[in-house]
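What follows is a single structure, written as structure tokens, with notes after it.
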Amino acid sequence: MLDEPTSALDVTVQARILETIRRLRDELGLAYVLISHNLAVVEQLCEETAVLYLGRIVEQAPTSRLLARPAHPYTAALRSAVPRSTSPLDASASCSRDPPDRRIRRRDARSTPVSARGGAVPR
């Protein structure tokens, strides 16, 4: 039983956990029940998916079909919450190694650069 195995983890750690689960499944022939709100994780790990809503199964199908054509509004809502640009197993989905520019612009400051702490940046 895997209950939200990647919840609250950054994308790099999440990718390692998912890859380990996949590797163990493939090498040992494991079967598991995955509980998750994250359909990107479900998509990566599950062949068959059942969607529960208010304690009842409202939809069950092969994962690829269920995600391509959700029949229940709750499934559609979960699906719409998944960013489609990257996979959780895609290492390139992590943040760039370059730190952000610490100078930001306030909308009401008429393009006066300010630091991340809110003070004006000397010119």
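Key figures for this structure:
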item: Shape of the range 18-68, Cα gyration tensor, a/c cut at 1.5; result: prolate
item: Local net charge near residue 75, Cβ-Cβ under 12 Å (Lys/Arg +1, Asp/Glu -1); result: +2
item: Dipole-positive endmost among 40, 12, 30 within the range 2-95 (Cβ charges, Cα centre); result: 40
item: Given charges at beta-carbon only (K, R positive; D, E negative), |dipole| of the range 2-95 in Debye; result: 260 debye
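Taken together, the values in this text are just the output of simple stated rules run on the coordinates, not laboratory data. As the structure is a prediction and not an experimental result, all values here were calculated from the model. FYI the Cβ positions are ideal-geometry reconstructions off the backbone, even for glycines, and counts take in every protein chain you see.
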